[in-house]
Amino acid sequence: MSQPEVPEGMFPCWYIKSEEIERVKKSRKPYADYKNTENYFLLTNRIDNTFIQGNIARRDKEFGLLNNVLHQYDYLIEFLKHQVVYFTFDRINLYQLIELYPNAPRPILFTLKRIDPLKVVKPNQGFMIMPFHQANLDQLYFTEVKPFLKNQLGIELLRADDFRNNDIIIETIYNTIRDSEFIIADTTIANKNAFYELGYASAMGKEIIMIQDKTEQKLFFDRAHIRVIFYDISDIPSLQFELKATIEAIRAKQ
């Protein structure tokens, strides 16, 4: 049986996995430069320069019904698991799947957002900015924050001392900040290295959550564009609740 013709006005469409993004960052080669695609995208609405809407189909199939599509295509399965899903139409620019409208008139309507390649992140990775070798802060990180985020949200939280065996630690820290989904910064204690990291994260336009012991009244960073959580060291559950709610709010707007 011959394959159906690709409908007029459709674009080749590649599903890009996170490991592919890492490969491209290192090699500087185009996305999916080693394979053809059977996926095609039909643009139905260009909302603005960032958001577009349309339908995705395979060359060998008609537009599928929702119950068929979701069980067949990896990118939709991942999206339903709340994983970040990317596509490219030209092997250079990336678009993130933002919304899926299963109840819209068939075929299924997708909303995609064009992504700045510098802002492509590793899903479920966060970076913690804080001084180390401070007993209270070390306990907060290792005992209260890091395991909580891993257990509740599946987030792997890293800190600068996780790379102490790396010969190029500064570059590694900056790369980790760049690749992280969000940044948490404890500014309770003034620390030059922590402020350098915080300034870099801000310059990169990262999502930053600043936390600070409420007994320290002075904020060391301009908080006009940064979320701040003041915590009571004797009430860690409240801090954990606010952290989780803030991260969920960040993800909801992406």
Revision key, fill the gap. For the range 122-253, the Kirkwood Rh over every pair of distinct alpha carbons, in Å, works out to 14.9 Å
Study note, to complete from the structure: Here the gain from full extension of His82 to Ile233, 0.36 nm per residue of separation minus their alpha-carbon distance, amounts to 51.2 nm
Revision key, fill the gap. Pseudo-spin-label distance Arg46 to Ile169, built 7 Å along Cα→Cβ, given in nm, is 4.9 nm
Review point. Using modelled backbone amide H atoms (1.01 Å from N, in-plane), which distant-in-sequence or interchain residues come within less than 5 Å of Arg227's amide H?
Key: Ile208, Met210
Exercise for review: Filter the cross-link list Lys113/Lys192; Lys29/Lys253; Lys122/Lys253; Lys150/Lys206 down to pairs whose alpha-carbon distance in this structure exceeds 25 Å.
Suggested key: Lys113/Lys192; Lys29/Lys253
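We did not get these values from a lab; they are worked out from the coordinates using the rules stated. Remember, predicted model here, so these are calculated numbers, not experimental data. In this analysis, Cβ positions are derived from the backbone assuming ideal geometry, glycine residues included, and neighbour counts consider all displayed protein chains.
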